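Just below is one structure, and these are the notes that go with it.
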Amino acid sequence: MKVDKNQTIIFFLLSLMFFLLKLPLMGVVLGGVGTYKLIQYRKHPLRPLVESIQRDSKKYGAQVPLRMKIQEKLMDFYRSMYLMTRNHPQTLLDVERVKEDFWRRMAMTYSEREWNRSLDEALGIFQGQLDTSKNWNSSLKQLNATVQCLEEAQREVAS
């Protein structure tokens with residue numbers, strides 16, 4: 001995503017340069033490409049997650065390690081939080097509490113091992129809750145199917 005943002009800036013700077021060099025056609029073309037890149041960047045589906053991670057890391061003063069594996073786990077953690085609050089709004093306070101505890105712990109360390117352990121712990125919490133909700137949904141589907149069968153049997157007996 002950072003590459004898209006940098007490319008957008010470069011296209012706009014080149015466009016400006018061509019306008020200053022009195023080559024308006026090239027300026028318009030590069031401005032159009034820059035605008036397209038800017039729209040792509042703004043519509044990127046992971047942008048809100050990345051921005052909230054950056055905002056929270058600054059808020060708590062934590063330095064996120066640069067290892068890709070840790071950053072992917074952090075994205076999974078935030079994606080799980082988002083899904084949990086979207087599917088179960090009543091869990092918003094619990095999710096915020098888990099997030100605050102996580103960032104407070106991570107503000108004290110830069111150890112990749114500690115980051116991995118804490119992220120696995122946090123993901124386990126959300127994964128368990130998401131699995132429970134999936135089980136709950138499948139139980140409801142089974143219950144609805146059973147009720148439908150009973151209603152059909154009652155109709156057959158009544159006729």
Per DSSP loop assignment and a cutoff of at most 14 other beta carbons within 10 Å, the chain keeps its longest run without exposed trypsin sites (Lys or Arg not before Pro) at 68-159
Reviewing (1) 1.05; (2) 1.25; (3) 1.08, the figure for Rg/Rh (Cα atoms, Kirkwood Rh) actually calculated from this model sits under (2)
For the chain, whose charge dipole is built from +1 on Lys and Arg Cβ atoms and -1 on Asp and Glu Cβ atoms, the candidate among Ala158, Gly31, Phe102 with its Cα farthest towards the positive end is Gly31
Membrane-span-like helices (DSSP H runs, Cα span along own axis at least 24 Å, mean Kyte-Doolittle at least -1.0) in the chain -> 2-20, 24-42, 68-87, 112-158
Calculated from DSSP helices alone, with each H run of at least 4 adding -39500 (n - 2.57) and the total divided by the residues of the chain, [θ]222 nm to the nearest 500 comes to -29500 deg cm²/dmol
Treating only Lys and Arg (+1) and Asp and Glu (-1) as charged, each at its beta carbon, one finds that the chain has a dipole about its Cα centre, in Debye to the nearest 20, of 920
A correct fewest-to-most ranking of Val147, Val29, Val95, Val157 by other Cβ atoms within 10 Å would be Val157, Val147, Val29, Val95
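Throughout, read-outs are computed from the coordinates displayed, never taken from laboratory work. Because the structure is predicted, anything quoted here is derived from the model rather than measured. Neighbour counts are summed over all protein chains in view; Cβ atoms, including those assigned to glycine, are modelled from backbone coordinates with ideal geometry.
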